[in-house]
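Engineer: One structure, pasted below without further comment.
Please treat every number below as a calculation from the coordinates, not as lab data. On a predicted model such as this, the values are computed, not experimentally measured, just so you know. When we count neighbours, we look across all protein chains shown, and the Cβ atoms used for this are built from the backbone with ideal geometry, even at glycine.
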Amino acid sequence: MLPVLEAFDDGSYLSEIVAPGDRKRRDPVRVRVIEYTFGREDDDTVYRLITTICNPQEASAADLAGLCHQRWEIENTLDEIKTHQGGHRLVLRSQYPDGVEQEIYGFLLVHHALRDVMHHTAHQAGLDPDRLSFTRTLRIARRHVTDQAALSPLTTQPSPDSHHP
């Protein structure tokens with residue numbers, strides 16, 4: 001627990017932190033600490049946000065906690081695209097800026113399509129979309145696309161109504 005130097009009405013408090021090597025606390029940095037939870041029934045994890053915005057009038061604890069949560073959603077999205085969708089050895093193949101831009105749009109569109117499927121699926125099941133696994137959805141989509149690609153139009157039989165000479 002960090003020392004409480006001054007408590008604020010919004011639940012945050014003023015404290016000080018020091019660099020790991022500053023054992024004698026010669027150069028403390030004044031910070032504001034915001035402790036919060038997401039308010040979910042199944043998760044009572046307490047998160048601690050430390051900021052140099054020490055005046056609660058500049059930014060409320062609730063606003064900063066919300067922004068921090070938004071930031072992590074963005075980080076998670078980038079992880080989904082770079083690590084899972086693209087793979088750990090993702091290399092854009094195009095050698096020209098227009099091609100790179102097109103590849104990036106492709107990745108973003110696929111990610112959006114997968115998230116859209118997850119949203120509709122969760123909505124139909126009455127679930128929070130955040131509770132569904134992106135990685136699992138991606139695996140299912142890859143299996144389905146691979147299965148579809150295995151069907152070559154050249155190996156299909158003509159329908160009985162087709163009239164070929």
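Engineer: So what is the relative contact order for segment 1-154, in percent, with contacts set as C-alpha pairs under 8 Å and at least six apart?
Structural biologist: Rounded, it is 12 percent for segment 1-154.
Engineer: Sticking with this structure for a sec: Could you give the semi-axes, largest first, of the ellipsoid that matches segment 2-47, computed as the square roots of 5 times the alpha carbon gyration tensor eigenvalues and rounded to whole Å?
Structural biologist: Semi-axes, largest first: 27, 14, 6 Å.
Engineer: Give the Cα extents of segment 59-100 along the principal axes, in whole Å, largest first.
Structural biologist: Ordered largest first, segment 59-100 gives principal extents of 46, 22, 9 Å.
Engineer: Say a site is exposed when it is one of the trypsin sites (Lys or Arg not before Pro), sits in a DSSP loop, and has at most 16 other Cβ atoms within 10 Å; what is then the longest site-free stretch of the chain?
Structural biologist: Excluding the exposed sites themselves, the longest stretch runs over 94-165.
Engineer: With runs of 4+ DSSP H residues as the only contributors, calculate the mean residue ellipticity of the chain at 222 nm using -39,500 (n - 2.57) per run, divided by the residue total and rounded to the nearest 500.
Structural biologist: That calculation yields -13500 deg cm²/dmol at 222 nm.
Engineer: For a test of the definition: using alpha carbon positions, the gyration tensor, and the 1.5 limit on a/c, classify segment 1-94 as rounded, prolate or oblate.
Structural biologist: The shape class here is prolate.
Engineer: Quick one: give the max-minus-min coordinate of the C-alpha atoms of the chain along each principal axis, largest first, in Å.
Structural biologist: 91, 44, 28
Engineer: Further question on the same structure: Filter the chymotrypsin sites (Phe, Trp or Tyr not before Pro) in segment 1-75 to those in DSSP coil with at most 15 other Cβ atoms within 10 Å of their Cβ, and list the result.
Structural biologist: Phe38
Engineer: Residue by residue through segment 43-48, which ³J(HN,Hα) values in whole Hz follow from phi under the Karplus form 6.51 cos²θ - 1.76 cosθ + 1.60 (θ = phi - 60°), with glycine and proline marked x?
Structural biologist: 3J(HN,Hα) across segment 43-48, in whole Hz: 9, 10, 4, 9, 9, 10.
Engineer: While we're on this one: Please name whichever of Thr121, Thr51, Phe107 sits farthest to the positive end of the charge dipole of the chain, dipole taken about the Cα centre and charges placed at Cβ: Lys and Arg +1, Asp and Glu -1.
Structural biologist: The Cα lying farthest towards the positive end belongs to Phe107.
Engineer: What does the convex hull of the alpha-carbon atoms of segment 47-117 project to on average, in nm²?
Structural biologist: 7.4 nm²
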